[in-house]
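Heads up: the structure comes next, in structure tokens.
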Amino acid sequence: MGPTITSSIPVVDFRRQSMVLQWNSVNGTWIAFDDPPALVHGVALIRAATPNICLFGRDGQLHLQVGSDQYSLTEDSPRISWTRGTATFGLRRRFTVESGSGDMLLSHAYWDGQGDEFFSWLVSRAANPEWRAANARQWSVGVQPVVLRSS
């Protein structure tokens, strides 16, 4: 699935919340801003191992990008979840994105401590259709980084 949004988007880094990034939505990469803008449009999880992940609002729609793959998040689709692996005593986790019809769009395995807090944060909030809609509108317009950091 190719990117539908092809621009740079200012976002907050999930782990280093004092850092504002310029997210490149074409290939899922980023650079730090020398002079951060006043408003940001989402939050990104930057990791040493790929893929980088970003959740952002654009044109009234919430988007999830994993690497170069983008998914539009409507009120109830796609479904986002994460699970613990039983054979690894819960240390291996899996983040999944499924279409409304149940087709697997993304399955990403990772070890505990490598983004768990972002995935659980995202899954818990994205389960609420009202949260998706409200943040799609709010983040599309842009929010001050300090407001996004506190939510």
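For the reader, a short list of remarks on this structure follows.
- Residue in the range 124-145 that is in contact with a His (Cβ under 8 Å, 6 or more places away or on another chain) and open to solvent by 40 Å² or more (accessible area, probe 1.4 Å) present: no
- Restricting the range 45-64 to residues that are aliphatic (A, V, I, L, M) and touching a Gly at 6+ places or on another chain (Cβ under 8 Å) leaves a set whose member that is surrounded by the fewest Cβ atoms within 10 Å (Cβ to Cβ) is Leu45.
- Residue count for the range 30-44 under the criterion of being at pLDDT below 90 and surrounded by 16 or more Cβ atoms within 10 Å (Cβ to Cβ): the result is 1.
- Residues that are modelled with pLDDT of 85 or more and within 12 Å of the chain's Cα centre (by Cα), drawn from the range 97-117: Val97
- Every pair of residues 6+ apart whose Cβ atoms lie under 8 Å, when the first sits in the range 116-137 and is over 14 Å from Ser72 (Cα atoms) while the second is of a type in the set (Gly, Ala, Ser): Val123/Ser81
The values are calculated or read from the model by the stated rules, or taken from the named source; none is laboratory data. Predicted, not measured: the structure shown is a model, and the values here were computed from it. Neighbour counts are summed over all protein chains in view; Cβ atoms, including those assigned to glycine, are modelled from backbone coordinates with ideal geometry. Side chains included, ligands, DNA and RNA excluded: accessible areas come from the protein's heavy atoms. Shrake-Rupley method; radii C 1.70, N 1.55, O 1.52, S 1.80 Å.
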